[in-house]
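Worksheet for the structure shown next.
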Amino acid sequence: MSLLNLVLFVLKECGVILFGLLCLFLLIIFWILSLPIYLYRYLVCLCTKLFCKDTFGKPVTPLGNYFACEFLPSARKSPPRSTLIVTVVVDRPVSFESVKESIEATWLGRDAKKFPELKQYVDSWMGFLFWKNDHSFKLENHLQPKKIEGETDDELEENVCLFMEQLVNKTFHPKRSPWECFVVQNYRNTELQRDKTSTNVMTLLVFRFHHSLVDGYSILKVIIESMMGIPLSTASLTPVSLTNKKDSPSNLTKKIVTNFTLVFRIVYEICHFFALAFTGTTPWHVPLNKKKCGEHICRTKPIPVESIRNIKSKLGVSFTSVLMSCASAAASRSFQLHHAKPEQNCRGRTMPTSIPLPRPDHPDKLRNHVTTTCLKLPTDPDLESLERLYKVDKVLRDGKGLLPLILPFFIALLGSHLAMIVQQITKNRHVSTAFSNFPGPGIQLEWEKGRVLTSDFAGGALPGVAGVGFAILSFGDYLRIAITANSAVMERNQVKELITFFNDEIAILQELAMKQSGSVSQREVNTMV
């Protein structure tokens, strides 16, 4: 590194730290000024529990408040942004009555005390959001049969995506618990059938939840573990080690130094997070005042998990790196094709992306128990596929720091405030892309005398300026990628095009993996990056 580059690097880092310290200082001032509000919240919750327990349940969690602000009267006319759609395919016909009996016996019966929110809705009370009991609850308002037609598999799949799109753009009833289930009994998919020549009809379950109620893992728990009665183990966030295990401090002095520098590491990482979050926009960045009412949803055909694992092992990267590299390549091609202005291409060379991460020890209840991080994915059009893959893998490895473990504290700090303040200060105003990758159970599951072949999910782009979201769920032997795009960013045919770009990149990486005799060494990785 030349002297000039070194000076520029130092100046840049100093600027980042100063900006981050300013943000931290303002956050501390905000916290001090908010202490009376936190005391007021505690008193409201205490009085509600003592005197209004027949009317109200628990307050919405701080992270849930981020999504539940959509239920405020001032926001009900705005398009929904926090809807989650989950589909489950069973390889045999399952009657509507069987699904109804299963939900009545589990969600509303055995596990009713565990999941009280399934019979409650979000309402504002004394300035805060609470779960309010629905005394007129009827299962018929949440569970319905649905017929989706299509002469071919492709036509049926297109109609399923259009139905999912309709559900994402539909506002929840303000006086009902924000969840629904639809039973599609005439579903078929030749690629998933046990016998390729069989014409047996499958069953498709389409679940719709609001994000204030659940996160991705809560959905899997409530469907797989509760409704289907199958024990489910979820992945947990790997604890951050304060030191390298290979160089673990062996004496008291080194341990003291390590713990002392931890404070500076936390400040440094938070500074970089603020600096990253406020970087330039991409063509998928949609200003809040230009949000259109409508999200488009398209998804890939079922992709064998083994094919991604093969790329992972042969090219020496992580499973997530393969999928994120494909998303990065698809974004790059879309930018080049539809946003050809030089200044837009320059901004598109990196793409700030938010990535939710599961926190350890997810509770059995309906909760949002995730944290997040923000990374810059390379979208330079001049990158070769292999070079991009290793860059993405390096970004992921370097991005594993303390921030995901610190962020829940800030979420609790902001999400515990008055609902109208939470609505204004917690919107995503800078990151234009979201990427969710949740590994489901890797074993074959059975329910109602049939095999659960696959499951996938999609959802809105959440409150803020994110224009595109990638949602991936690996389940059993397959995974599917669903892409949600705001209609202000692209039309439906462009979302289908993005799916094609994603599939093309997978094919390229598969071909490169076939040429490899073994895993790439770390030395080769570092050389290419």
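The values are calculated or read from the model by the stated rules, or taken from the named source; none is laboratory data. None of these values were measured; they are calculated from a predicted model. Every residue, glycine as well, gets a Cβ built from its backbone with ideal geometry; the counts of neighbours run over all protein chains shown. When the accessible area is computed, the model is the full protein with side chains, heavy atoms only, and any ligands, DNA or RNA have been set aside. Shrake-Rupley method; radii C 1.70, N 1.55, O 1.52, S 1.80 Å.
Return the carbon/sulfur percentage of the accessible area of the range 31-126, one whole number, probe 1.4 Å, all protein chains in place. Before the final figure, lay out the partial values.
Details: 3130 of 4850 Å².
Carbon with sulfur: 64 percent of the solvent-accessible area.
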Problem set entry | In sequence order, calculated HN-Hα J values of the range 447-461 (Karplus, 6.51, -1.76, 1.60; Hz; x Gly/Pro) | 8, 6, 6, x, 8, 7, 6, 7, 8, 8, 9, 8, x, x, 7
Problem set entry | Cα gyration tensor shape for the range 79-159, rounded if a/c is under 1.5, else prolate or oblate | oblate
Problem set entry | Of all accessible heavy-atom area on the range 469-512, the percent that carbon and sulfur account for (1.4 Å) | 46
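Quick one: dipole size for the range 418-502, taken about the Cα centre, charges +1 on Lys/Arg Cβ and -1 on Asp/Glu Cβ, in debye to the nearest 20. All intermediate terms of the calculation are to be shown ahead of the outcome.
Working: 7 positive and 6 negative charges, 45 e Å.
Dipole size: approximately 220 debye.
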Seminar exercise, completed: Given a 1.4 Å probe, the accessible area of the range 370-475 per residue, as a whole number of Å², is 35
For this session: Using Cα centres only, tell me the gap between the range 453-500 and the range 114-170 in whole Å.
Result: 19
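Quick check for you: with a 1.4 Å probe and neighbouring chains kept, what is the accessible area per residue of the range 81-237, in Å²?
Averaged over the residues of the range 81-237, the accessible area is 41 Å².
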For this session: Provide the net charge surrounding residue 485, with neighbours chosen by a C-beta distance below 9 Å and charges set as Lys +1, Arg +1, Asp -1, Glu -1.
Result: -1
